[in-house]
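Notes to accompany the following structure.
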Amino acid sequence: MSVDLEPRLNALMRRAQAGEAAAWRELLSVLAERLAIYFGRRLAQDHAADLEDLVQETLLAIHRRRATYDPSQPFTAWAYAVARYKLIDHWRRRRIRAHVPLEFVEDSLWEEPDLSAEARLDLERLLVTLPERQQRLIRDVKIEGLSLAEAGARAGMTEGAAKVALHRAMATLSSRTRAT
Amino acid sequence: MTTPRDTQDLIESLAADLSPARPGTVPLRIAASAAVGGAVALGLVLVFLGLRPDLRQVAAGDMMFWMKAGYAVVLGLAGFWSAERLARPAGSGRGGFLLMALALGMVILFAAIRMMRMPPEMRMPMWLGQSWDVCPIRILMLSIPTLALALLVMRRLAPTRLTLAGAAAGLFAGGVAAAAYGLHCTETGAAFLATWYSLGVALSAALGALLGPWALRWR
C-alpha cells in the first residue's frame, strides 16, 4: 500500500477535473502502468492476450465516468474500485469467474510490487485457504499495515481478540507453508 | 513496465478530449429521476386513486398527515443519499441506510407508545386500518417510475456494488412513492404507517436490489 501516491494522484485528478489535459495525461499514464501490473497478476495465462484490452477499457471507463469522482474522497480507492469492477466484469463475461476465487481481487491496485508476482500468487493461494475473517485480518495487519486495534474494529472485535485471531491465523499459515 | 504504443495513443486522445468536470453531476441526475418519477406517480394517484377528499383540512395541520409525509420524505432522502454515494466507485451508502434505520426506529417507537395508550380492542383496527392489504402494493407500483429512471441514470454513472446501489435506488423511489400515496391515503394509525408504509418502501428497495446487478451493469 503506497501512502505517498494518494496526495499526488488526488492533486492530478483535481487538476484534470478542472480541465487540465497535461494532468490527465500524467494521471492516466500512471494508471496504465498500475493497471497492467494489477490485471497481469490476476489474468490466467490463457487470457494474457486480454491484458491490454482490459487496461484500455478501464482507462476509457475512468475517462467517461470521471465526474463520479468526489474530490473529498481518496482517489486511489476510487480508481481501484473501477479496476476491480472491470476485472470482475471481464471474468463474468468470459464465464470464468467460478474458477477464480473472488478473494483474489481483494488486495489493492496500489501495493508496491515489492513481492515478485510468483511469491504473491503463492501467498494468495495460501491465504484463500483460511476462513474469510482470518484472511481479512492478515491482509489488514500484515499487508495493509493497519494496527491491531484498527483491524479489530473493522472486523468487529476487540484489539485483544484480533491479536489472538491473527496469531492463530499466522500459525495456520506457517504450518501450511511447511506442509507444501 | 512500459506502456504499449496504442495505449499511449489512447491516453493522448483521452487527454485531448478532456473537458472540465461539472460538479454536482451525480446528485443532479439522481434528483432529476425523482422529479420526473414523482410527477408520474402523482399523475397516477390523481387518475387512478384520487386525492383524499379532506386534503385541504388535513394539510392545514393534521399531525398524522404530516407525519406520513415527513416519514416518506426522510426515507426518500435517505435513499437519495445512499444512491448518490453508491453511484460512485468505492462509495459507501452507510449514512443513508443509517438514516433510514433511524427514521424507521422512531416511527416504530412512536407507534408502540400510541398502541399502548389505546384500549386493547382498538389496536387491531387501528393497525390494519381500511387499506392494509392494498397500501404496500400501491406504494410499490407508484415507486416503479422513479426506480426505473434512477436505475437508468445510475447505470450511466459508475456504481460498483450493484445490489446495494439498486437497494438504495429502491429506497429512494419508495420514499417518493409513499409521499405521493399519502395524498390519497386517509389512514390515521401510527402503527399503520410504521408497518404498511414501511413494507411498501421495503418492497421497492427489495425490487431495486433484485434488479441492481442486471440493470446497473455498465461497461
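The residues B:Leu77, A:Leu12, when put in order of fewest to most other Cβ atoms within 10 Å, stand as B:Leu77, A:Leu12. For the stretch B:25-215, the relative contact order works out to 35 percent when only alpha carbon pairs closer than 8 Å and six or more residues apart are counted.
Shielding of peptide A:35-43 by partners, expressed as the average count of other chain Cβ atoms within 10 Å per residue Cβ, is 1.
What does the charge count near A:Glu20 come to, summing +1 for each Lys or Arg and -1 for each Asp or Glu among other residues with Cβ under 11 Å from its Cβ? Surrounding charge for A:Glu20 is +2.
For the stretch B:41-168, the equivalent ellipsoid derived from the Cα gyration tensor has semi-axes of 31, 20, 13 Å, listed largest first.
When the Gaussian network model of chain B links Cα atoms closer than 10 Å, the mean-square fluctuations of B:Arg94, B:Arg56, B:Arg123 top out at B:Arg56.
Couplings 3J(HN,Hα) of the stretch B:125-132, computed from phi: x, 6, 6, 8, x, 9, 9, 4 Hz, in residue order, whole Hz [Karplus 6.51 cos²θ - 1.76 cosθ + 1.60, θ = phi - 60°; x for Gly and Pro]. The alpha-carbon of B:Lys68 sits under 24 angstrom from the alpha-carbon of none of the lysines, leaving out residues fewer than 8 places away in its chain.
Averaged over peptide B:82-91, the number of partner chain Cβ atoms lying within 10 Å of each residue's Cβ comes to 5. Once Rg and the Kirkwood radius are both taken over the C-alpha atoms of the stretch B:1-115, their ratio Rg/Rh works out to 1.22. Shown for B:Trp214, A:Trp91, A:Trp78: other C-beta atoms within 10 Å of each C-beta, ranked fewest to most, produce the order B:Trp214, A:Trp91, A:Trp78. Value of Rg to Rh for the stretch A:7-62, rounded to two decimals, is 1.08; Kirkwood radius and Rg both from alpha-carbon coordinates.
Mean partner shielding of peptide B:25-35, defined as the number of other chain Cβ atoms within 10 Å of each residue Cβ, is 1. Given the DSSP H assignment, sum -39500 (n - 2.57) over each helix run of at least 4 residues in the protein assembly as shown and divide by its residue total; what's the result at 222 nm in deg cm²/dmol, nearest 500? Computed ellipticity for the protein assembly as shown at 222 nm equals -22500 deg cm²/dmol.
Extents of the protein assembly as shown, largest first, come to 73, 54, 37 Å (Cα atoms, principal axes, whole angstrom). For chain B, the alpha-carbon coordinates run over 79, 34, 28 Å along the three principal axes, in decreasing order.
In terms of other Cβ atoms within 10 Å, B:Phe172, B:Phe97, B:Phe80 run from fewest to most in the order B:Phe97, B:Phe80, B:Phe172. Modelled spin-label separation between B:Ser13 and B:Arg123, with each label point placed 7 Å from Cα along the Cα-to-Cβ direction: 7.0 nm.
None of the figures in this text is laboratory data; all of them are computed from the coordinates on show. None of the values given here were measured: they were computed from a predicted structure. So basically every Cβ, Gly included, is an ideal-geometry build from the backbone, and we count neighbours across all protein chains shown.
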